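Below: the structure, in structure tokens.
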Amino acid sequence: MLNKIPVLETHNVFAGSPLDRCEILRGDSQKIDAMMRASNTRFICIWRTKPLIKPGESLRIQWVNGLMALPLIDAGAAWVFLGIADGRAHFAVDISAEKDPENSGDFAGMGIFPDLRMSAATLDRGDAAIIAQAKPLIDWHSRRTFCSVCGSLTEMRQSGASRVCTNESCKASHFPRTDPVVIMLAIHGDRCLLGRQKIFPPHMYSALAGFVEPGESLEEAVRREIQEESGVPVGEVRYHSSQPWPFPASLMIGCHAMAIDDRIELPGDELEEAVWFEKGLIREALQGKHRDRVWMPPPHAIAHQLIKSWASVD
Ligand SMILES: [Zn+2]
């Protein structure tokens, strides 16, 4: 059954960056410095976890050039080399020191700093993927000023891909984290299992999800999370696709899972409700029908793609 379900990886928002990350260049400080100062280089500005965006129907990054970004970098602002596209280098720069960049200072009138989660659906796909790289890295640099081993100051290395402790007797290296989260659709016959959290809008249901724990395979995490949240026991697990989820720095790993039994027992208060939905109803709900009964997660969420893939198979 599971091997019939098609994989729709390219539908996942925040994946599919147009940049070549060129990680081999990260340690070449001379080359990186020359690229940073080249006239065609572009910088994405991150202000307190929000990117500078050019408003419009499809939201695009408001790139700035070196004239705006380099004085900030020369004054100590965090920066990251993101990669190259069309022969042009792309960097991220932290402008969090600005008080109100939308309305005052050098960035006034250049764009907006929208809530990324709320605007994900309307972001240009390529730009969304660049933001999913830039935002967590800039955020990480601002939180890792001190060494977690000895408490001394750390310094940026590898063009923003790592940090190192400045204490000569420590010199610990630090790397940005990506936290794996499993998100899965349990299936039983012609029905799929969806859950409702108390904070969801009325009638909204989604796939179950949870963080992978240390020492756990993805399959084990899928089985544990479904069992913990709904009481439903699961057998076979199959990977579908993944989605970078920069809130703050997760990777959503989408799976389908075959339920062994359809008996639901809500053991904790994590879910308000878990329900088996018939495929026919879900197909119509994906077309916007039955909003008074079940409201699907939006297309930019991997949960939507997991449900859609399953619903597309007879
Ligand atoms: Zn240290």
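Read the figures in this text as sums done on the coordinates, not as results from a lab. None of the values given here were measured: they were computed from a predicted structure. Positions of Cβ are generated from backbone atoms using ideal geometry, with glycine treated the same way; all protein chains shown enter the neighbour counts.
General remarks:
- The trypsin sites (Lys or Arg not before Pro) of the stretch 235-290 that DSSP puts in a loop, and whose beta carbon has at most 13 other beta carbons within 10 Å, are 263, 289.
- Beta bridges from DSSP with both residues in the chain: antiparallel share about 75 percent, rounded to the nearest 5.
- Largest mean-square fluctuation among 272, 57, 220, in a Gaussian network model of the chain whose springs join Cα atoms under 10 Å apart, belongs to 57.
- Residues whose placed amide H lies under 5 Å from that of residue 242, excluding near-sequence neighbours: 254
- The stretch 1-143 shape via C-alpha gyration tensor axes, a/c threshold 1.5: oblate
- Furthest towards positive pole of dipole, 68, 301, 91, structure part the chain, Cβ charges: 68
- Neighbours of residue 216 by Cβ distance under 14 Å: Lys/Arg scored +1, Asp/Glu scored -1, total -4.
- Residues 306, 153 in ascending order of nearby Cβ atoms (within 10 Å, fewest first): 153, 306.
- According to the Cα-based calculation, Rg over Rh for the stretch 178-311 is 0.93, with Rh computed by the Kirkwood formula.
- Here the convex hull built on the C-alpha positions of the stretch 83-165 has a volume of 135 cubic angstrom per residue.
- Total formal charge among the other residues, if their Cβ is under 14 angstrom from that of residue 22, Lys/Arg +1 and Asp/Glu -1: 0
- Low-density loop positions, trypsin sites (Lys or Arg not before Pro), the stretch 117-212 - DSSP coil, at most 14 other Cβ in 10 Å: 171, 177, 198
- Long-range amide H partners of residue 96 with built H, under 5 Å: 48
- Axial C-alpha extent at least 27 Å, average Kyte-Doolittle at least 0.5 - helices from the chain (DSSP): none
- Residues 131, 5, sorted so that the one with the fewest Cβ neighbours within 10 Å comes first: 5, 131
- Distance between the stretch 251-285 and the stretch 109-158 - C-alpha centres, whole angstrom: 33
- Cα convex hull of the chain, projected area averaged across orientations, nm²: 18.9
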